[in-house]
């Protein structure tokens, strides 16, 4: 996080760092590293805490609009104070713990979940100079931190001593194990092409533009697009969002692992869900959408963190949109989708990426061949596997009684 | 191909999202306390008793305590006690009147059968729906005094129906008067029997 | 430095020991997760970042899940406590004695051996170096590991999958 | 209600039901879904025994909403039972009214004027649109659609309810039909409103179908789930769209030809698989036919009285006898059986509730499927607890 | 005491805990977990020696990676066996698993 070798940067780009350095400047030199770290943590908490608050509002508003109703609009101007009202409500509600529950685990689950879901933010580069921790194996760290969240969900489900919660815990385990694999496999091509596990280096590898307008984001290559889609589907599942919200399927399991939670613990679960969602979307932006890179050279004057934010919000809105539209999968369909569709596709995509990497030197007419082959490698398996997956499921033609 | 159905669905929701901002048909919400609903004329809530005059509601009740509504009321939420004495009604005729007329609105199911069976057009359906109370018993048990509302109010909430009822009542009264005159002409001295409607039809 | 190591040691050993004593299998598994996290912390302390993250990914992310699943799938009949049945005192004593003996022998060996050239600075090992090592000198081992993993996965599925036909009525 | 005698009932298709052994009980999980579970459509309770997530036993428990409907009917006058029928299947008060009125008319020998018959058809078909829209919305809600289809369905239902309100004074408890006709003659404005709704409903259905009928997830969730074989459906007395989704062409509008239905041209859609998707699609297609019926009825609505002049409101005492009146309600055959002994109250008052009888097959549909399926199967059977428990 | 000795003692302790669990507990899953702990103890040694040997060789780290993979495979197969055993005799007490034929 050192602005050592700064390219001709504009003032806005460096503003957050200068602010931080100005604040830490008041402290003795020996404490500065600590203060810097703390400020980074507080900044991330504040930004994503607010994002969480307003994301819940945005979700309710957008869901409302999609469902032809205005959404919350009573608390504050256009309902802008709604998240705070919700927070106060959650804090003042009675915290009910079932007598049969395992009190320690019941208490620990939301805390652990929130703590773990925050870990991922450490390695996401929010801007050109804004990354909390530079790690050599940053991507691996990110997924290691994410892998632990499922344990917290299991703890919540099991400790509640509720049959619905227990079923939800089983579902959560199966779902998260199944989708870990496509999630990991989807980003392997990126690591392969960028040649690094460091998030900053991956973003740097996507810099530059063709003719000043076409960014070199990975999503704009055939394998990158396929990887992005697989990653986003797996991310939906990992963050327990509709259509993969089986652990908390309200029409089947009441609230799944959250059934026996109330008050602020319940709010913590929601916070963790949104943090996890933000972290995964942030990682998707970093891996596939060029991180903080501007879409074209002319727009570089806008600070990099604004671009990152815009891309992140777009993905989050996509999550909300999908939630408003799609029905939920069943457990066996969920696992089948992961193991029989996403994992093979991700593996084939690995091959596509290898091909892409090997043919990097092709020019002219060969460039077209390269694109055609790569596209075929992406589309062909998708169509074939998709047909296999949806076999026996098709719209039907109906007959009418003869009389 | 896999996914086309999903994309189609997403297109529909996107259309609704955008539509909710410019198409009133896609945002039909009524923001209630600020925007009051437009009640249709036929809307019914709980019954009230029609009195002829606003100044003296108890003296001009149309109800003659015949107790038909009490008998027909499906949940039996009406309780009537007949008066021991008679009192002149709005037309000046001597009538029995309800000494006690109580409707338990916590039981009433707004079916308006009392309105249909009433031969005297004296009980009608009200339209006031914001009737929440802080207490379950006394304030939901409406007495004669609370139930009585003038005919002008009836005209205000059900104009067409009320006009028709007035016409019919006038016709009945006319017929009764004619009959009385004819009877008076035939037999020189006889007390007027209480008016009975010719049709007996419900308030339509 | 040493203090951190001592803390990590305490975390690992305490959680592992308590996990092995507890009667509640779920608690055991969750405490073991803590122990595994401690081991990852040890790797971080030693400077082996990549291994630490891999440890968390494999142990916390996958093995713990499988363990919990196995615990839930093998719930004893009508028993919410998931308790471990008591075993004979003799057996426990013998086991503890054996473990204690092994511990003392190993400990003695460790304490009496003089290790040469104790480095104070962690050796630098970037992910790229590790990748080069894996794909270069250790490529054959990597391939074999891949094969083992695949075979193990298939084998696990085959073993754990229920019999295709409905089982006969005589199970006891 | 528990395990059916499967000697003559077809076993549920595609289910590998494991026998439930008592000494083996620890392996199975008994979950009491309901009486307050979000997807039981009221206070219904399913005691499901699960092997993993697969249902090996399902015991429906109901009666939480029992309110003595039939005994009340025997202790009040004929007319006073009319508003109670509103509360049977509270989505479809108009058709409940009609079925009850039909039974009483048969008992008392009343004739219904042509205009009233047409009006009844219009109201019944509007009710069908309302009920099926809601059903589709509920079903998709049970599939986990975050409320979007439900809100669209309710948006349209609201328009129909507005029409009902402006005609009868109440949105859901219409209490509209009377013995020998209808209570109110609709105004031209009202009929124009119905015409407008009819014209717009096709577009709504198109949008609704675009939203989800072709949705792969929805198809995967519903196709092949909860198959109901025609023989079982017939032997269990299932009626309505659930029966027709199993391929049995039995529609009382065609079979009985009651009311003005013989004068209309409409088709009866049939399903070939009897699964949840068929039950959903048959209803969608029925709505399209309802629109056709509404168009014809509005175009040919005759003038004239709406009440049989012989009909008496007060002191109604049909002569001794018995009668059964049934119509094709949106949920199936809704029938009322009445015995009169000449008094103002019926001697016997009995309801044939389609929800209740259709619900009896629930266990057969659910066995071998998962909890998630049980919820949508229940949704596709389309019950209203007010009618089940009475 | 050098850090290396401490590391080795830690590994030794962990190994003993795992061994004790594997020997004394009757529950198949716990026995399996004990074996996992012993594997982990070995890994600790690899990393400790890599860290304090000072040599350029990184074989220790590579070996731990392979060991992790093997541990995963072991856990998967082991727990699958536990489930299979449970299917056969409705118990995961190892003392009950006395029949080779289901």
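Throughout, read-outs are computed from the coordinates displayed, never taken from laboratory work. Since we're looking at a predicted model, the values are computed, not measured. For neighbour counting, all protein chains shown are included, and Cβ atoms are generated from backbone atoms with ideal geometry for every residue, glycine included.
Points to keep in mind about this one:
- Residues of segment A:326-360 falling in the label zone of residue A:373, defined by backbone nitrogen less than 13 Å from a point 7 Å along Cα to beta-carbon, are A:351-360.
- Translational D in µm²/s for segment A:33-97 (Stokes-Einstein at 25 °C, 0.890 mPa s, Kirkwood Rh from C-alpha pairs): 179
- Of all the options A:116, A:389, A:317, the one that moves most in a Gaussian network model of chain A with Cα springs shorter than 10 angstrom is A:389.
- Residue with peak Gaussian network fluctuation, chain B [Cα springs, cutoff 10 Å], from B:18, B:50, B:107: B:18
- The protein assembly as shown - share of DSSP beta bridges that are antiparallel (%, nearest 5): 95
- The protection proxy used here, the mean number of other Cβ atoms lying within 10 Å of each residue, ranks peptides D:298-307, D:270-279, D:35-44 as follows, highest first: D:270-279, D:35-44, D:298-307.
- Exercise: per-residue mean of other protein chain Cβ atoms within 10 Å, C:127-137: 4
- Equivalent ellipsoid semi-axes, segment A:250-317, via Cα gyration tensor eigenvalues times 5, rooted, Å: 35, 11, 8
- Partner chain coverage, peptide A:145-151 - average Cβ within 10 angstrom: 6
- Part-to-part distance (alpha-carbon centres) for segment E:1-26 and segment D:202-273, which is given in Å: 68
- Here segment E:3-98 is described by how far its Cα atoms reach on the three principal axes: 53, 23, 13 Å, from widest to narrowest.
- What the pair-distance distribution of chain B shows, using all Cα-Cα distances binned every 10 Å from zero, is 7, 27, 27, 14, 10, 7, 4, 2, 1, 0 percent.
- Under the criterion of Cα pairs below 8 Å and six or more residues apart, the relative contact order for segment D:90-223 equals 29 percent.
- Residues listed by number, segment A:376-403, amide nitrogen under 14 Å from residue D:206 label point at 7 Å toward C-beta: none
- Those residues of segment B:46-77 whose amide nitrogen sits under 13 Å from the label point placed on residue B:128, 7 Å along Cα→Cβ: B:46-49
- Between residue D:339 and residue B:188, the simple label model (points 7 Å from Cα in the Cβ direction) yields a spacing of 6.3 nm.
- When both segment B:144-178 and segment B:65-97 are represented by their alpha-carbon centers, they are found 17 Å apart.
- Taken as Cα centroids, segment D:95-150 and segment A:13-28 sit 70 Å apart, rounded to the nearest whole angstrom.
- Highest mean packing first, where packing is the average number of other Cβ atoms within 10 Å per residue, the peptides D:239-249, B:66-76 line up as D:239-249, B:66-76.
- Nearest-0.05 FRET efficiency for residue A:192 and residue A:383, computed from C-beta distance (R0 30 Å): 0.75
- Convex hull of the protein assembly as shown built on C-alpha atoms - directionally averaged projected area, nm²: 60.9
- Pairs of alpha carbons in segment D:321-385 whose separation is greater than 15 Å (percent): 60
- Base-10 log of normalised Debye intensity for segment B:14-92 (one unit scatterer per alpha-carbon) at q = 0.17, 0.21 Å⁻¹: -0.87, -1.09
- Prolate/oblate/rounded label for segment A:213-371 (Cα gyration tensor, a/c 1.5): oblate
- Where N is the number of residues in chain A, Cα Rg divided by 2.2 N^0.38 Å: 1.07
- For the protein assembly as shown, the mean residue ellipticity at 222 nm estimated from helices alone is -18000 deg cm²/dmol, where every DSSP H run of n ≥ 4 contributes -39500 (n - 2.57) and the total is divided by all residues, rounded to the nearest 500.
- The mean number of Cβ atoms from other chains found within 10 Å of a Cβ in peptide C:34-43 is 4, as a whole number.
- For segment A:98-385: relative contact order, % (alpha-carbon pairs under 8 angstrom, 6 or more apart): 25
- Highest average packing first - E:16-28, B:155-167, Cβ atoms within 10 Å: E:16-28, B:155-167
- Working from Cα pairs under 8 Å separated by at least six residues, relative contact order for chain D is 27 percent.
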